[in-house]
1. Per the Kirkwood treatment, what hydrodynamic radius in Å, one decimal, follows for the chain from the mean inverse distance over all distinct Cα pairs?
2. Could you sort 31-40, 183-192 so that the peptide with the highest average Cβ count within 10 Å comes first and the rest follow in order?
3. What lysines could a cross-link reach from Lys100, if we take a straight Cα to Cα line under 17 Å and drop same-chain neighbours fewer than 8 places away?
4. Distance check, please: which entries in Lys33/Lys234; Lys25/Lys75; Lys25/Lys210; Lys255/Lys277; Lys33/Lys200 exceed 22 angstrom between their Cα atoms?
5. Normalized C-alpha radius of gyration of region 77-205, against 2.2 N^0.38 Å?
6. Working from Cα positions, state the angle (0 to 90°, nearest 10) between the long axis of helix 76-94 and the longest principal axis of the chain.
7. Compare the Cα positions of Ile207, Pro248, Ile158 along the charge dipole of the chain (+1 at Cβ of Lys, Arg; -1 at Cβ of Asp, Glu; about the Cα centre) and return the one farthest towards the positive end.
8. Express the relative contact order of the chain as a whole percentage, based on alpha carbon pairs under 8 Å and six or more residues apart in sequence.
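Taken together, the values in this text are just the output of simple stated rules run on the coordinates, not laboratory data. Because the structure is predicted, anything quoted here is derived from the model rather than measured. Note: ideal-geometry Cβ built from the backbone for every residue, glycine included; neighbour counts use all protein chains shown.
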Amino acid sequence: MLTYVELIELRDKLINNEIGIELAKERCWKDFKEGQRSWHTKDWKERRLKFIKEKCQICSSTETLTLQHLSHPKKYNEYLREITRTYTNHYINSNSEIDKSPYRNHILDNYEYVPIPLCPNCMNKNPGERVRKIPKYRCADCKHEFEEAIYRSAIELISIFFKDEDAYEVRDKCFVSNDKWKNKHNLSNIKYWFQRNIAKNKDAESIEKKAFILYLNDNIKYLSFEDTITACKKCASNYDLYKMELCPKCKEHYKGIQYPTCIQCLPEEKRKAVEEKIEFGKQWREMEKRLGID
């Protein structure tokens with residue numbers, strides 16, 4: 001695991017084109033081990049001494065102090081998705097028209113078409129299928145009864161899409177991907193992923209580089225202790241595990257970080273309403289447990 005200074009040097013070399021993206025990623029993760037954490041390193045422990053205060057900045061306790069991070073770095077893949085999305089949107093805005101032949105071939109090669117049954121009289125989608133009565137189908141719109149539904153071919157549906165992407169006929173998710181996920185898509189979904197692949201392949205190195213620089217910046221900020229406070233073990237665990245902090249009003253009870261005060265510091269009427277709601281929730285969970293549906 002690279003130290004704080006080594007990450008800065010790696011980031012600067014990548015920005016200045018002194019090192020390629022693949023080599024930068026290799027150096028960053030070369031000695032990484034599963035379960036390894038930055039606060040286990042010698043570099044962290046030595047620099048921690050310069051930042052930690054003499055008492056908890058939340059409750060003023062002096063027992064078992066630690067540096068509490070108020071933000072945490074994102075994963076590289078999260079940044080990669082964000083930057084890819086940005087490049088994709090830019091590509092789509094600049095290239096509203098797509099090459100029809102490659103797009104058509106992409107669909108036929110990568111998706112299984114599961115056609116939607118249609119009424120032969122009015123072409124309404126999904127006519128009602130009957131189990132006991134005959135004929136087998138009855139159209140909910142025109143009331144036509146028939147034994148055999150009709151279906152559009154994939155080519156016909158794609159042709160309609162080329163003419164009008166918002167057409168009623170092309171909204172169904174009737175294309176199933178051939179990969180292991182077997183996701184269902186309509187033609188608009190497929191178009192987006194088709195254009196996304198083009199944008200991603202076209203600017204693959206730039207996308208990876210920008211995403212990795214953001215990832216490095218995030219980790220450098222984390223290791224710099226810039227967004228940290230000194231907290232005792234109790235305050236730190238309440239923040240990390242339950243997203244709770246000490247109430248600034250009473251300095252006694254903990255509250256959710258999204259609330260201005262703890263329940264005890266609320267006006268009496270509001271406090272009673274909240275306590276009743278909490279009690280109702282407890283009773284509801286107990287009932288679910290007894291019924292075996294928890």
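1. Values: mean 1/r = 0.0389 Å⁻¹.
Mean inverse Cα-Cα distance, inverted, gives 25.7 Å.
2. Values: 31-40: 8.9, 183-192: 16.6.
Result, highest mean first: 183-192, 31-40.
3. Within reach: Lys163, Lys191.
4. Numbers: Lys33/Lys234 29 Å; Lys25/Lys75 13 Å; Lys25/Lys210 12 Å; Lys255/Lys277 16 Å; Lys33/Lys200 30 Å.
Table pairs above 22 Å Cα-Cα are Lys33/Lys234; Lys33/Lys200.
5. Numbers: Rg = 18.4 Å, N = 129, 2.2 N^0.38 = 13.9 Å.
With N residues counted in region 77-205, Rg over 2.2 N^0.38 Å equals 1.32.
6. For 76-94 against the chain, the angle is about 40 degrees.
7. It is Pro248, whose Cα lies furthest towards the positive end.
8. On the way: 322 pairs, mean separation 70.9, N = 294.
That works out to 24 percent.
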